[in-house]
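Just so you know, all these numbers are worked out from the coordinates, no wet-lab data involved. What you see is a predicted model; the values in this text were computed from it and never measured. Positions of Cβ are backbone-derived with ideal geometry, glycine not excepted, and every protein chain shown enters the neighbour counts.
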Amino acid sequence: MVESNWFLACFLLVYFLQNGFDLWLERLNLSYCERQSDTAPAGFEEFIDDSKLARTARYERSKAVVAIIGTVVSETTLLAILLSGLLPLLVRLFAEMGLSVVPAGLFFFFIPGLIQFLVDLPFDFYNTFVIEEKFGFNKSTLKLWVLDRIKGGVVGTCLFAAIFSLLLLCIEGSPRLWWLWGFLLLSGVQLVLAILYPVLLAPLFNKFEPVRNDELAAKIKAQMEKSGIRVKKILQMNAGIRSRHTNAYFTGLGKTKQIVLYDTLLESHTHEEILAVLAHEVGHYKKKHVPKQLIVFAGFSLAAFYGTWLFIQWPLLFSTFGFTTMPPYAGLFLAWVFWSKAGFFLQPLSMAISRRFEREADRFAAETAGSGEAMAKALKRVAADNLSNLNPHPLYVRFHYSHPPVVERVAALARDSRP
């Protein structure tokens, strides 16, 4: 049974504070968007008229409503798992079965994870086949959607099982220093995944090939040579089999680094705009944003591992949630829940770093082209094509936007282009 004490009160306070604040942010952002949906921002008239702005507001409302309901259901489910006595029951069951710490730990995480997955699945389905369909974005079939969830589940489960098993072995083998070995393990895995993702994982879900348009390919080659940039692979991805949304990204490290352009982006943008987007992605490479992000992540991870080491040595943590023993995997689960809630309030820091990197990449694109005009047009067209929220609330941006709002990016590009 759950034990009523001051720690449970603090835990629930953090839990409800985080979720309540996040739900309030969603409502605040939606209300702010709808109040600003009467007239398109100056300079956007060529791409976004008043009717499209109103359609954007409806799209934002549809997504926000589902997000709010989904969050309430998902978080209520997790809280029920924590307070129902299910977790101590699993520990006793695994002990009676004679399971060692690794398989017991894997099942201990897998069972709540499966429950959460099944609870979240209908909202994922509704978002894809109702909301995205209604607003003309969805291109996925039921078969493809199911295959994506199966492949994603298998890949995610295998990766988690491998990493978590090694972590549990570290805890068993080095109780006092496992936090350091765990940090080094996770950092190593993060580095390996950054290198291997483009060549091993991404192709499981999409097809990647060189840019098909010969004229555009020649322009890309000329731009790369002019800038002295050595990114060997500039690929297009068949994103259009799932959605009409447009995007581009830079990924990989070392010999696996590559720039990926959505086929939907290539179909809807001019060559000049595509070259500007390409220059933006190259800017991430030139400014070494991927390794910098890995370093930032490593700093957060080291603090989290050390804090978790202290946390799971605390008997009150276990007794509060009904455990009569102190299995390390149960402590890790409880620590994960707590840090995910408390860590939410550190999110503005990581988002601010990401937005700074995006601003640097925009500036690089403007410098490469000699003007920010093409990049600004590309951003406006992407915003129009994706029904992007042009007026997010500033506080919402701080917590949830890894990119500056598009209106701010366009204004900054205009300032950069002034003589």
Check: Going by how many other Cβ atoms sit within 10 Å of their own, how do 237, 1, 375, 224 line up, fewest first?
Finding: 1, 224, 237, 375
Next item on the list: Take the Cα of residue 95, step 7 Å along the line toward its Cβ, and report every residue of region 307-321 whose backbone nitrogen sits under 18 Å from that point.
Entry: 313-321
Margin query: Normalised by the empirical 2.2 N^0.38 Å for globular proteins, what value does the Cα Rg of region 213-346 take?
Written below: 1.60
Next item on the list: Classify region 269-353 as rounded, prolate or oblate from the Cα gyration tensor: take a ≥ b ≥ c as the square roots of its eigenvalues, call it rounded if a/c is under 1.5, otherwise prolate when a/b beats b/c and oblate if not.
Entry: prolate
Item checked: region 285-419: projected area of the alpha-carbon convex hull, averaged over directions, in nm² -> 10.8 nm²
Notebook entry, point to check: Using the beta-carbon distance between residue 35 and residue 69 and R0 = 30 Å, what value does 1/(1 + (r/R0)^6) give for FRET efficiency, to the nearest 0.05?
Noted result: 0.85
Check: Once the piece of chain linking residue 200 and residue 336 is laid out straight, how much longer is it, given 0.36 nm per residue of separation minus the C-alpha distance between them?
Finding: 46.2 nm
Check: How high is the FRET efficiency from residue 272 to residue 6, r the C-beta distance, R0 41 Å, rounded to 0.05?
Finding: 0.10
Notebook entry, point to check: Tell me, how many Å apart are the Cα centres for region 141-198 and for region 47-86?
Noted result: 28 Å
Notebook entry, point to check: In what sequence, highest mean first, do 239-246, 23-30 appear when ranked by Cβ atoms within 10 angstrom?
Noted result: 239-246, 23-30
Note to self: Taking every pair of distinct Cα atoms and averaging 1/r, then inverting, what Kirkwood hydrodynamic radius in Å comes out for the chain?
What the structure shows: 23.9 Å
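Tell me the mean residue ellipticity at 222 nm calculated for the chain from its helices only (DSSP H runs of n ≥ 4, each -39500 (n - 2.57), averaged over every residue, nearest 500).
Numbers: 16 runs with 288 residues, N = 419.
Calculated from helices alone, the mean residue ellipticity at 222 nm is -23500 deg cm²/dmol.
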Check: Can you list the aspartates and glutamates whose alpha carbon is less than 14 Å from that of residue 257, not counting same-chain residues fewer than 8 positions off?
Finding: 281
Notebook entry, point to check: Counting only Cα, what are the radius of gyration and maximum Cα-Cα distance Dmax of region 175-214, in Å?
Noted result: 16.9, 59
Notebook entry, point to check: Tell me, in nm to one decimal, what length is gained between residue 154 and residue 84 on full extension, where the rule is 0.36 nm per residue of separation less the Cα-Cα distance?
Noted result: 22.4 nm
Checklist line | Shape call, region 111-253: gyration tensor on alpha carbons, a/c limit 1.5 | finding: oblate
Check: What residues from region 56-100 fall in the zone where the backbone N is under 15 Å from a label point 7 Å along the Cα-to-C-beta line of residue 134?
Finding: 56-70
Notebook entry, point to check: Which number do you get for Rg(Cα) / (2.2 N^0.38 Å) in region 38-192?
Noted result: 1.47
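Stretched out fully, how many nm does the piece from residue 50 to residue 25 gain, at 0.36 nm a residue minus the Cα gap? Please list the in-between numbers first.
Working: separation 25, 0.36 × 25 = 9.00 nm, distance 2.54 nm.
The span from residue 50 to residue 25 would gain 6.5 nm if fully extended.
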Check: Listed here are the pairs 143/341; 226/286; 219/292; which of them are more than 25 Å apart at the Cα?
Finding: 143/341; 219/292
Notebook entry, point to check: Ranked highest first by average number of other Cβ atoms within 10 Å, how do 97-110, 280-293, 205-218 line up?
Noted result: 280-293, 97-110, 205-218
Margin query: Using amide H atoms built in the peptide plane, which far-off residues or other-chain residues are under 5 Å from residue 237 H to H?
Written below: 261, 262, 263
